[in-house]
Amino acid sequence: MSAADDRRFEILHAIVTDFVDTQEPIGSKALVERHQLGVSSATVRNDMAFLEAEGYITQPHTSSGRVPTDKGYRLFVDRISEIKPLSSAERRAILSVLDSGVDLDDVLRRSVKLLAQLTRQVAVIQYPVLSTASVRHLEVVALSPSRLLLVVITDTGRVEQRMATLRNPIDEETVALLRDMFSKALDGQRLEDASVAVAELATHAPRELQEPVVTIATVLVETLVERGEDRLVLGGTSNLARSAADFTPATGGMDTVLEALEEQVVVLKLLAHTQRTGTVTVQIGEETNTENLRSTSVVSTGYGASGTVFGSVGVVGPTRMDYPGTIASVAAVAKYVGEVLADR
């Protein structure tokens, strides 16, 4: 980068920062007064003209200052060299809130509530994806001699419960034998492998256990095979009201954003860009490839543990957002959600 390019980026950085803070178009005079740019007002005006010609800033009204474009935000985000770290107190507070969750549902609800509070945006988290998980424990409980409760607990904290109804009643000794057989076959297995192991048990089961084993195996295979109804938890949709002025009629207004957020398929597609933990993805405006979200940005990352991605977490808000702070908050919440779920 040349000295002129560095200077122009510094001016763009100042415009983005001031516009996020004030929501007012930024003029050259304000830049010179607020920032130690080390150049004359004439140079600032020339550099702003260059940035406008290149599409990084635009003039919303005649005789007004300039505001960043999606292209300007993109350059700003790409050149963020340091993510604003959270304080020790903030990190402890996040871990304390999440660690107090009583189960997976509670942890995820706490996560989106906390992230929405930290960023003042709409927060969203994806339930752990079954295909990436492993079986931590399988429990078989006899509710009656012919009705069994099957409980599958994964290493992501997900709990799946299913009923199995047998044609013929069985005693407690047989229940214990079945529990031991299926536990040995499944414990520690990735779900995509576990369904195969269950099918093999059904094929090679002793004749006297054939009927209950096949019944249990059939129920478990339906449970273990990945389903297409990935679930999401959203929080902080009321935060959109604080940014109502950012959603202009030209882009459909705030109603179109709310409509898009109600479509889980749309949100899941946005989160699909996030495939790794530790890497935050930022989609700005038209990069979302969603007509109703042209005036928004999506900041997301994967959460998980030991190199395994359980799901994705992120925020949706106007393109005029505090990107450094939002990226830091999303990364921190994702880190601690993964740690909390892995320890359960």
Between the residues His137, Gln59, Gln126, the Cα farthest towards the positive end of the dipole of region 53-148, that dipole coming from +1 and -1 charges on the beta-carbon of Lys, Arg, Asp and Glu, is from Gln59
In debye, nearest 20, what is the charge dipole magnitude of region 134-225 about its Cα centre with +1 on Lys and Arg Cβ and -1 on Asp and Glu Cβ, if you could check?
180
Pull out the extension gain between Arg45 and Val141, defined as 0.36 nm times the separation in residues minus the alpha carbon to alpha carbon distance; nm, one decimal.
27.1 nm
Which of Val20, Val141 is most accessible, then next, and so on - probe 1.4 Å
Val141, Val20
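Tally up the carbon and sulfur contribution to the accessible surface of the chain as a whole percent, 1.4 Å probe, everything protein left in place. Kindly include the intermediate steps, with their values, before the conclusion.
Numbers: 8150 of 16520 Å².
On the chain, the fraction of accessible area on carbon and sulfur atoms equals 49 percent.
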Using only the alpha-carbon atoms, how far is helix 323-342 inclined from the longest principal axis of the chain? Give it as 0 to 90 degrees, nearest 10.
10
With the 1.4 Å probe rolled over protein heavy atoms, region 134-225 has an accessible area per residue in Å² of 51
Entries of Lys84/Lys113; Lys29/Lys84; Lys71/Lys335; Lys84/Lys269 with Cα pairs more than 24 Å apart:
Lys29/Lys84; Lys71/Lys335; Lys84/Lys269
Under 5 Å from the placed amide H of Ala133, counting only residues 5+ away or on other chains, we find Leu191
Which entry in [x] 37, 28, 18; [y] 53, 18, 16; [z] 38, 22, 18 is this structure's computed semi-axes √(5λ) of the Cα gyration tensor in Å?
[y]
Acute angle (nearest 10 degrees) that the helix 253-262 long axis makes with the longest principal axis of the chain, alpha-carbon atoms:
20
Can you tell me how much longer the chain between Asp180 and Asp78 gets when fully stretched, taken as 0.36 nm per residue apart minus their C-alpha distance, in nm with one decimal?
31.4 nm
Note down the nm distance, to one decimal, between modelled labels 7 Å out along Cα→Cβ at Glu192 and at Ala245.
5.0
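Looking at region 105-194, which trypsin sites (Lys or Arg not before Pro) are in a loop (DSSP not H, G, I, E or B) and have at most 10 other Cβ atoms within 10 Å?
Qualifying residues, ordered by number: Arg167.
For region 3-79, what's the relative contact order in percent, using C-alpha pairs closer than 8 Å and at least 6 residues apart?
Normalised by residue count, the contact order of region 3-79 is 36 percent.
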Using unit Cβ charges (K, R positive; D, E negative) and no other charged atoms, how large, in debye to the nearest 20, is the dipole of the chain about its Cα centre?
700
Which order do Glu211, Glu287, Glu262 take by accessible area at a 1.4 Å probe, largest first?
Glu262, Glu287, Glu211
Roughly how many Å is it from the Cα centre of region 51-115 to that of region 274-344, as a whole number?
9
Nearest 10 degrees is fine. How inclined is helix 191-204 to the longest principal axis of the chain, computing both from alpha carbons?
10
Nearest-10 value in Å² for the accessible area of Lys29, using the 1.4 Å probe
140
Note down the accessible area of His137, probe 1.4 Å, to the nearest 10 Å².
70
For the His204, Leu149 Cβ pair and Förster radius 22 Å, calculated FRET efficiency rounded to 0.05 is 0.35
Under 14 Å from the Cβ of Asp255, count the other residues' Cβ atoms, weight Lys and Arg +1, Asp and Glu -1, and hand me the total.
-4
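The values are calculated or read from the model by the stated rules, or taken from the named source; none is laboratory data. Keep in mind that what you see is a predicted model, and the values were worked out from it rather than measured. All Cβ positions, glycine included, derive from the backbone under ideal geometry; neighbour counts span all protein chains shown. Areas reflect the complete protein model, heavy atoms only, side chains present, ligands, DNA and RNA absent. Shrake-Rupley method; radii C 1.70, N 1.55, O 1.52, S 1.80 Å.
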